[in-house]
1. Within region A:355-371, track down each residue that is among the small types (G, A, S) and in contact with an Asp or Glu (Cβ under 8 Å, 6 or more places away or on another chain).
2. If only one of B:Q138, B:Q170, B:Q205 is within 14 Å of chain A (Cβ to nearest Cβ), over 12 Å from the mean Cα position of the chain (by Cα), more than 21 Å from B:A44 (Cα to Cα) and more than 16 Å from ligand 2 (Cβ to nearest atom), which one is it?
3. Could you tell me how many of the residues in region A:61-86 are in contact (Cβ under 8 Å) with a residue 40 or more places away in the chain and over 23 Å from A:T788 (Cβ atoms)?
4. So, in region A:233-264, of the ones that are among the β-branched types (V, I, T) and not in a loop (DSSP other than H, G, I, E, B), which residue ends up nearest to A:A97 (Cα to Cα)?
5. Do we find that B:M96 is within 16 Å of ligand 2 (Cβ to nearest atom), over 30 Å from B:Q203 (Cβ atoms), of a type in the set (A, V, I, L, M) and at pLDDT 95 or above in this structure?
6. Taking region A:590-649, which residues are within 24 Å of the chain's Cα centre (by Cα), part of a helix (DSSP H, G or I) and closer than 18 Å to A:W310 by Cα?
7. I'd like to check which strands (runs of 3 or more DSSP E) are fully inside region A:1-82 and have at least 1 residues that are in the same structural domain as A:I200 (by TED's automatic domain parsing), polar (S, T, N, Q) and more than 19 Å from A:P668 (Cβ to Cβ).
8. Report, by residue number, each residue of region A:719-743 that is outside any helix (DSSP H, G or I) and within 12 Å of chain B (Cβ to nearest Cβ).
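The values are calculated or read from the model by the stated rules, or taken from the named source; none is laboratory data. Predicted, not measured: the structure shown is a model, and the values here were computed from it. Virtual Cβ from ideal backbone geometry, glycine too; neighbours counted across all protein chains shown.
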Amino acid sequence: MTNGWVDIKNTDMMLIMGGNPAENHPCGFKWVIEAKRNRDAKIVVVDPRFTRTASVADQFLQIRAGSDIAFLGGLINYALANNRFNHEYLVNYTNAAFIVKEGFKLPEDGLYSGYDATARTYDKSTWNYEEVGAGAHASDTHSHAVQSSPVPPPTLPPNVAYDLSLQHPRCVFQLLKQQYSRYTPEMVERITGIPRERAIKAWETFTSIRQNGDMKKAGTIIYAVGWTQHSSGTQTIRTAAMIQLLLGNVGRAGGGVNALRGHSNIQGATDMAGIFDILPGYLKMPVPADTDLKTYLTRTTPKASKPKEWDSFNYWSNTPAFTVSLLKALYGDAATKENDFAFNWLPKIDRKYSWAEIWDDMYNGKVKAMMAFGMNGVMIGPNAKKNIEALKKADFLVVCEIYPDETSEFWRAPGTTPEEMAKINTTVYRLPGAGFAEKDGTFVNSARWLQWKWAAVPPPGDCRLDQEILARIFLKIRGKYQQEGGKLPDPILKASWNYTNPNNPSLAEVAKELNGKALADVTDPKTNTTIKADQQLPGFAFLRDDGSTMSGNWLYCGSWTEAGAMIQRRDPADPSGLGIHANWAWSWPMNRRVMYNRASCDLNGKPWDPDRKQIWWSEAKQKWAGNDVPDFKPDSDPKSHMGPFIMNPEGVGRLFVPIGAVADGPFPEHYEPTESLIANPLHPSQSNNPIAKRFKSDMDKYGTPDQGYNIICTTYRLTEHYHYWTKNNPMNVQLVPEPFVEIPAELADQMGLRGGEKVKVTSARADYIAKAMVTKRIKPMMVDGKKTYQIGIPIHWGYRGIAEDAGKTAKTPANYLSPAAIDPNAYTPEFKGFLVKLERV
Amino acid sequence: MSDRKTLQVQRISGHPGPVAGAGMQREEQVCKLIDTTTCIGCKACEVACVEWNDMPFQPTMFDNTYQTMPDTHWNYWNLIKFNEVTNEDGTFQWLMRKHQCMHCADPGCLAACPADGAIVQYRNGIVDFQEENCIGCQFCVSGCPFNVPKFSPTTKKVYKCTLCSDRVGQGLEPACIKACPTGCLHFGTKSDMLMLAEKRVKQLQTVSGFKEAGTYDPQTIGGTSVVYVLHDASNPEKYGGLPKNPRIPLSFTIWKNWFKPIGLIASMMAFAGVILHYVTEGPRRPQPQPPVKEVDGGEGKKEN
Ligand code: SF4
Ligand code: SF4
């Protein structure tokens, strides 16, 4: 979230789409209700089903799963046409005025400029800003290219051409207008199935907070995996970000783009590099071309790119300090200036190692073993049957869990005969883990708060804490390397492991390590404060690139300082009433509760809304002051025109994303889901996302309407259950005892189907049997002139659990049905909006 | 609020003569406010109720709804009723109403009950069953206009929501109130809750366009200690059978007003084995004692 849970209470308007927070985040949903009750805030819900969230909304629109960009593109078109944006914010805080390079082409035919059909990739060199004075030789700006790579990737020009009047035909604003002028209400209706008058009414309502550009009010966009789990998921979220920039909602109390994370610590997992292409703190993973630290840092450290008269903080220019401090945390004394701080011990990624690719590699015999901690691998991935087949080919599998789960018992998946079982040679090791109430440590919530929790009870019996299990495995492996050597022993032998109890490191020690400390005395020249060697660092401003500091994650620097564990604070005081609660836990970065909060003020540093003062420029002190911590250079006078979006080299928010930072285009474009009932009404010849990945194994099949797959299916979770755990808990099973399929009443009538009767759902990959829940909450819709039905399946059941063990279910995971088609940016599979057929059993 | 102040007995079922201590206190009536317009049907209150009252699990079956079971049960006192409603103007609503004992000012259950001390009404408005005095005749079941009391074939006694009289007696809010994440449940004095309800009703009418929004506090039974805010107070039936004008069945009214003294003598003779228990000594903890293991055998839902 750019903002936070509590901050939702400050809003005047909510668009809740791609998420069902009343269902999946009931506790956080109290802030939605607070805003409704105390500010008369309005809620617009857009979802394929009438959900629990929809039940308390002011407007509900039923949308076809996977057509979100069309609806949001229509919203942009509406806002532009009806003066529902703020000119000052737009011109100064976004790249609306930047001029785009000649040769850039919008996707009227479904493709941006630079598409290579054979490689299914884009050459992104035209996806860039124009350099002042640069004519035909704009590409000469590639001076900082990686030497060893044959075609240097494009870089941003330091001196960007711009037009504050927004009239230049190639300025971002004009291109934006042109791009979304195609998203007319008629087109949106054809694509999304939302009747145009309903769509217009929703757009009118949401943008009403910016009537004639008035900045007093703020609106928020709230989403979850209903947006990410598509083959164009990242672009959907981009569209939301663009809307919020256009409306001047980013940085403001009650505004922002707010991702609701689906697990208690998913944000922490992401921060700590739970994705293959990043290191902790969102540093980029090295690639083979990064032969030394300098090459890596040159590639990954952005240079400011802005109009000459403006200023840009370009905070990622500190990448060297963050990286070296991470290397010092990883390798301690063994990381020296002489050996490039052991940079070459870091793994380098030669290709994609995302979730679906790992399973594909295992299926193809390339990955031989898997350790599954804190996840039920068979259940959570798409095309789950393939994952089961993949595990049959592995040498061994280690599962750390608190219940017997489908992954550790993949060999008894439904339909496996005793003969087949006898042929499976995978060795399965089950490790008894500890449950969440048995562990201490932190959760990082959606609001980026690091909150410490204390163990309620000790783990029972032989169960062990995760860190003990991992530490023991690591030390055993290290022992082996010590005795027998190995190919590249240094990263293992020399990893820093200075815990009081090496076999069971205390998480408090780990948390302090993540914060980081000084290794020699370091002084901040501005404030003249010195942090003595061995002292905890007060914040990332003290991180150095010379090896004199260490920090396991620069974003967490400031969380456990000499003053103590900020993450353990529990002071609920909120003097400003804005829900900042500055002394409750600690949020990254540097305890800022609303990111980019410089944008909550006008150009002169005055809050847009005097009733919701977050920060402001104090002329007397020549400093930014505020109720929240300014997310900005503290002494940057507004006159210097430094952009509020300090993490972008431009200093401003990106309506247009240059040089392929988003792989499928500088502006989002609607593409049909991988499996779709219709050809894309915008460009039938390029219906799907041209660079979304599909797999080629014999088990990766994708269905078409011609094959009879004529119903759209989407998957989701229920309030009453938590993923695949609670099917083992009688209380939750009591609340919702069995799996079901939600089916529109009209479709059920046609099929002669009654609630409670069993239905079989079949996709190109597998089938799934459960009882029908016949409901009026899903209505038939007209999509591109065709009557279209959607059904929905909650994902919670598998082949181990109370109902399963009692023989009450068909024991098949819902993800047997979903396709492995993945988004080209975040690599998220398309769990929502695939095709099935439906029969009575 | 101390135990003594809040759990003052006001009426006693099947009891001759005045209630000792009645009228001694002027403590205000407590009230639970349920704003159905901000309830998200998360069932946190259902779980809190089961856990606080330490109830054995009730096996359930899929029944084509998100509702946990068709109706409350002797060991399931608090149930969100889910209703898919298509209104006359074509608008669609998914209504969720927290259903439990309404703690009527004029409780039909109490009026109907012949057993001395099986049902008491405290001065704070809580209507409480004292299972040790329950004779299992189930008159209360027919006396209740909301179909609330439920009979356990195992213990041969009747159970229902106590408004957490044990918690309230200690100055705490009921368990469901504490668990509710959205704050659609409130607890306080009746006048405060009515004020809050009115405020919300006004907001629903003026801001959200629910012209028929209103408070449900039916005067036909003298009002209730559980009050709803409804989007459409003109038609409470659509919230899962909330009666518009709930009434105590006539037979029980007559019984209560005219024949009770006679009937009582009769019943006292008939149930000579029933130990008469004076509640005048003060309040007691009204916790039911459900059997340790599930022996009911009744399925909460039937399969279609
Ligand atoms: S709702 Fe029924 S059980 Fe509850 S007090 Fe009223 S009559 Fe008695
Ligand atoms: S806890 Fe509150 S919001 Fe949840 S179902 Fe109960 S009354 Fe409704």
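1. A:A369
2. So the residue among B:Q138, B:Q170, B:Q205 that is within 14 Å of chain A (Cβ to nearest Cβ), over 12 Å from the mean Cα position of the chain (by Cα), more than 21 Å from B:A44 (Cα to Cα) and more than 16 Å from ligand 2 (Cβ to nearest atom) is B:Q205.
3. We begin by selecting, within region A:61-86, every residue in contact (Cβ under 8 Å) with a residue 40 or more places away in the chain; these are A:61-80, A:82-86.
After this cut, where a residue has to be over 23 Å from A:T788 (Cβ atoms) as well, the list is A:76-80, A:82-86.
Qualifying residue count for the region: 10.
4. Result: A:I243.
5. For B:M96, the condition - within 16 Å of ligand 2 (Cβ to nearest atom), over 30 Å from B:Q203 (Cβ atoms), of a type in the set (A, V, I, L, M) and at pLDDT 95 or above - is not met.
6. The answer is A:R598, A:A599.
7. Where strands (runs of 3 or more DSSP E) fall fully within region A:1-82 and carry at least 1 residues being in the same structural domain as A:I200 (by TED's automatic domain parsing), polar (S, T, N, Q) and more than 19 Å from A:P668 (Cβ to Cβ), they are A:59-62.
8. A:T719, A:E720, A:H721, A:N729, A:V736, A:P737, A:E738, A:P739, A:F740, A:V741, A:E742, A:I743
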